[in-house]
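What follows is a set of notes on a single structure, which appears directly below.
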Amino acid sequence: MQSFPTSTFLRRVLLADAATCLAAGLLMTLGAGLLEQFFGLPSGLSRYAGVGLLPFAAFLVYLATRETLPAAAVWAVIVLNVLWTLDSLLLLLSGWVAPTPPGYAFVIAQALGVAMFAALEYVGLKKATPATAAAA
């Protein structure tokens, strides 16, 4: 498994991703009932998604604090962020939920934010690894 030194750029992106996951996870877990009233998203969905974000945030902090990172671990984070983005948009298109206008804005905004983190993590990976490691 190809590892590379963790750059300051990638470390900061991973920590920022972790901070937003932690904040969103706590908000969605503890405030699911209020979010349902305002966003029209089922409280069970918000709570479940929020709980899922908490271990992911811990994983991101773990990665950000390593001196070296395996490229595969960063690829896993990128793929999970892309999947979250696609799932968020699919949720809106599927008709499974009936969000309010602020609910639509919330889901779209967080999907765009997660996509931004995936892109920044990809940039950090490409800058830090040789071409053969980035493809691993």
Given (1) in contact with a Gly (Cβ under 7 Å, 6 or more places away or on another chain); (2) open to solvent by 80 Å² or more (accessible area, probe 1.4 Å); (3) not hydrophobic (A, V, I, L, M, F, W, C), index of the condition Glu67 fails: (1)
Find all pairs meeting these conditions: Cβ atoms under 6 angstrom apart; at least six residues apart or on different chains; first residue within the stretch 24-46 and at positive phi; second residue aliphatic (A, V, I, L, M) and assigned to a loop (DSSP other than H, G, I, E, B). Gly40/Ala98
Checked pairs for the stretch 70-93, first touching a residue at least 12 places away in the same chain (Cβ under 8 Å) and basic (Lys, Arg), second surrounded by 13 or more Cβ atoms within 10 Å (Cβ to Cβ) and assigned to a helix (DSSP H, G or I), C-beta under 9 Å and 6 or more apart or across chains, list as none
Of these, Leu125, Leu86, which one is in a helix (DSSP H, G or I) and either open to solvent by 20 Å² or more (accessible area, probe 1.4 Å) or on the phi > 0 side of the Ramachandran plot (or both)? Leu86
List pairs: first residue in the stretch 102-115 and within 18 Å of Ala57 (Cα to Cα) and part of a helix (DSSP H, G or I), second residue open to solvent by 60 Å² or more (accessible area, probe 1.4 Å) and aliphatic (A, V, I, L, M) anywhere in the structure, Cβ distance under 7 angstrom, at least six positions apart or on different chains. Ala111/Leu89
All positions within the stretch 1-23 that are in contact (Cβ under 8 Å) with a residue 40 or more places away in the chain and more than 16 Å from Leu125 (Cα to Cα): Ala18, Thr20
Return a yes/no flag: does the stretch 128-135 have any residue that is surrounded by fewer than 17 Cβ atoms within 10 Å (Cβ to Cβ) and modelled with pLDDT of 95 or more. no
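The values are calculated or read from the model by the stated rules, or taken from the named source; none is laboratory data. Small disclaimer: the values here were computed from a predicted structure and weren't measured. Note that each Cβ is placed from the backbone with ideal geometry, even for glycine, and that neighbours are counted across all protein chains shown. For accessibility, only protein heavy atoms count, side chains too; no ligands or nucleic acids. Shrake-Rupley method; radii C 1.70, N 1.55, O 1.52, S 1.80 Å.
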